[in-house]
Structures are given as structure tokens and as C-alpha cells.
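Undergrad: Take this structure, written in C-alpha cells, and hold onto it; I'll ask about it next.
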Amino acid sequence: MSDNILSIIPTDPDWQPTAEAADAAMAVLRRLAPQLDGFVTTEYRTTWHEKVAAVDCGANLERIECPACQNAIDVEWWVDLLEERFEAGFANLTATVPCCGGEVSLNDLRYDWPCGFARFELEVWNPNRDWLTAAELAQLAAALGCDVRQILAHI
Ligand SMILES: [Zn+2]
């Protein structure tokens, strides 16, 4: 069986909240993406990653674009680079992109659908809803104490 996962991560890959802020943000997320009667079972997870982790959108990844030159970046190049840097916990996110040779943070590549890197993650497994709105993300950001990015993965 496949799963859909909605992840909320800080836009800053190194940032981690206090336990209190994490609990407050999860309470907001549970309200925004509640378990609905008669729908698929929704699960909620809060994770502090020891090192920076890649939070990707799985099968939803269609295209990666360079923020410097706007050209498409080969997804295979990106997957290989992620495998290479995984061991080091993405201590260094800067990469020389193949399209224009620019120095770009992997966190700043334009992912369609969105992906990111983080040391903290709030997850809703099988949410019974679609993307959060900008106003809803702002509520989560206020509770967490930092700007956030959402990732919808299909695995
Ligand atoms: Zn480029």
C-alpha cells in the first residue's frame, strides 16, 4: 500500500525548535489535518533529526530547476549527489550545479513538487486533505517560531 505524507519543515535546514514549540505546532497541524471519521487512518509524527536530512516528495518529484539560470537540472544528478552526501548528514548543502556551474544550496533548488532539507520535521501520514494554504502555514510558523515549508510526498 502506498502512503501520502505531508511534512512541515523549517526553511532553515539547521534550525530546531524547543519541545514546547514543537508540541504547539503539532497541535496546530492536528487541527488543520484532522483524522476524519470513515477516512483512511491518519498518523502524526514529530522528528528531531540528529543530522540534516533530505525531505523529498518521493514519486511526486517531476522537475528540479536551477535558481541561478532557470534551466532544468537532471534528477539523476541530484539523486546521485544525495546518495553521496547522505553519510555526512548533509553537513555541506552547497553544490556546483551542472547547468551553469553556479554554487547553489541544495535547499534552494526549485523543486516541483517541493523538497527540502531539515533537522526537524512534523509529519502527517495520509492526511485527508490537500496542500495547506499560506495562512495555515503562517499559523504553523507562528507556533514553531520559524518560517516553514511544506512537502507532499507519495511513497
Ligand atoms: Zn544553473
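Undergrad: Of all residues being aromatic (Phe, Trp, Tyr) and within 16 Å of the ligand (Cβ to nearest atom) in segment 44-95, which is surrounded by the most Cβ atoms within 10 Å (Cβ to Cβ)? Just the residue, please. So that I can check it myself, show each step before the final result.
TA: Initially, segment 44-95 is screened for residues aromatic (Phe, Trp, Tyr), giving 44, 48, 77-78, 86, 90.
Restricting the remaining residues to those that are within 16 Å of the ligand (Cβ to nearest atom) gives 77-78.
Numbers: Trp77: 14, Trp78: 21.
Among those that are aromatic (Phe, Trp, Tyr) and within 16 Å of the ligand (Cβ to nearest atom), it is Trp78.
Undergrad: Please name all residue pairs, on different chains or six or more residues apart, with Cβ atoms under 7 Å, provided the first residue is in segment 79-90 and is under 14 Å from Phe117 (Cβ atoms) and the second residue is open to solvent by 100 Å² or more (accessible area, probe 1.4 Å) and not aromatic (Phe, Trp, Tyr).
TA: Between residues of segment 79-90 that are under 14 Å from Phe117 (Cβ atoms) and residues that are open to solvent by 100 Å² or more (accessible area, probe 1.4 Å) and not aromatic (Phe, Trp, Tyr), the close pairs are Gly89/Lys51; Phe90/Lys51.
Undergrad: While we're here: What are the residues in segment 99-112 that are surrounded by 14 or more Cβ atoms within 10 Å (Cβ to Cβ) and either within 9 Å of the ligand (Cβ to nearest atom) or over 18 Å from the mean Cα position of the chain (by Cα) (or both), if any?
TA: Cys99, Val104, listed by residue number.
Undergrad: To continue, here is another question. Do we find that Asp108 is closer than 25 Å to Pro17 by Cα and touching a residue at least 24 places away in the same chain (Cβ under 8 Å) in this structure? Show your work before the answer.
TA: Details: closer than 25 Å to Pro17 by Cα: yes; touching a residue at least 24 places away in the same chain (Cβ under 8 Å): yes.
For Asp108, the condition - closer than 25 Å to Pro17 by Cα and touching a residue at least 24 places away in the same chain (Cβ under 8 Å) - is met.
Undergrad: Report the residue count in segment 138-152 for those that are touching a residue at least 40 places away in the same chain (Cβ under 8 Å) and either over 22 Å from Glu50 (Cα atoms) or surrounded by 17 or more Cβ atoms within 10 Å (Cβ to Cβ) (or both). Show your work before the answer.
TA: Residues of segment 138-152 that are touching a residue at least 40 places away in the same chain (Cβ under 8 Å), as a first pass: 139-140, 143-152.
Next, only the ones that are either over 22 Å from Glu50 (Cα atoms) or surrounded by 17 or more Cβ atoms within 10 Å (Cβ to Cβ) (or both) stay: 139-140, 143-144, 146, 148-152.
Final tally of qualifying residues: 10.
Undergrad: Taking into account only those residues within segment 27-56 that are of a type in the set (A, V, I, L, M) and touching a Lys or Arg at 6+ places or on another chain (Cβ under 9 Å), which is farthest from Glu121 (Cα to Cα)?
TA: Leu36
Undergrad: Restricting the search to segment 31-58, which residues are part of a loop (DSSP other than H, G, I, E, B) and either over 18 Å from the mean Cα position of the chain (by Cα) or over 22 Å from Val148 (Cα atoms) (or both)?
TA: Pro34, Gln35, Leu36, Asp37, Gly38, Phe39, Val40, Thr41, Thr42, listed by residue number.
Undergrad: Criterion first (away from the ligand (no atom under 16 Å from the Cβ), in contact (Cβ under 8 Å) with a residue 24 or more places away in the chain, in contact with a helix residue (DSSP H, G or I) (Cβ under 8 Å, 6 or more places away or on another chain) and not assigned by TED's automatic domain parsing to the domain that holds Arg31) does Phe120 satisfy it? Give the derivation first.
TA: On the way: away from the ligand (no atom under 16 Å from the Cβ): yes; in contact (Cβ under 8 Å) with a residue 24 or more places away in the chain: yes; in contact with a helix residue (DSSP H, G or I) (Cβ under 8 Å, 6 or more places away or on another chain): yes; not assigned by TED's automatic domain parsing to the domain that holds Arg31: no.
Judged against the criteria, Phe120 is not a match.
Undergrad: If I ask for residues that are β-branched (Val, Ile, Thr), part of a loop (DSSP other than H, G, I, E, B) and more than 22 Å from Ala33 (Cα to Cα), which ones from segment 80-137 would you list?
TA: The answer is Val97, and nothing else.
Undergrad: Of the conditions (1) under 19 Å from Leu144 (Cα atoms); (2) part of a helix (DSSP H, G or I); (3) open to solvent by less than 60 Å² (accessible area, probe 1.4 Å), Glu20 fails just one. Which one is it?
TA: Of (1) under 19 Å from Leu144 (Cα atoms); (2) part of a helix (DSSP H, G or I); (3) open to solvent by less than 60 Å² (accessible area, probe 1.4 Å), only one is false for Glu20: (3).
The values are calculated or read from the model by the stated rules, or taken from the named source; none is laboratory data. These numbers come from a predicted model, not from an experiment. Here the Cβ is made from the backbone with ideal geometry for all residues, glycine too, and neighbour counts use every protein chain on show. These accessible areas exclude ligands, DNA and RNA; they are computed on the full protein's heavy atoms, side chains included. Shrake-Rupley method; radii C 1.70, N 1.55, O 1.52, S 1.80 Å.
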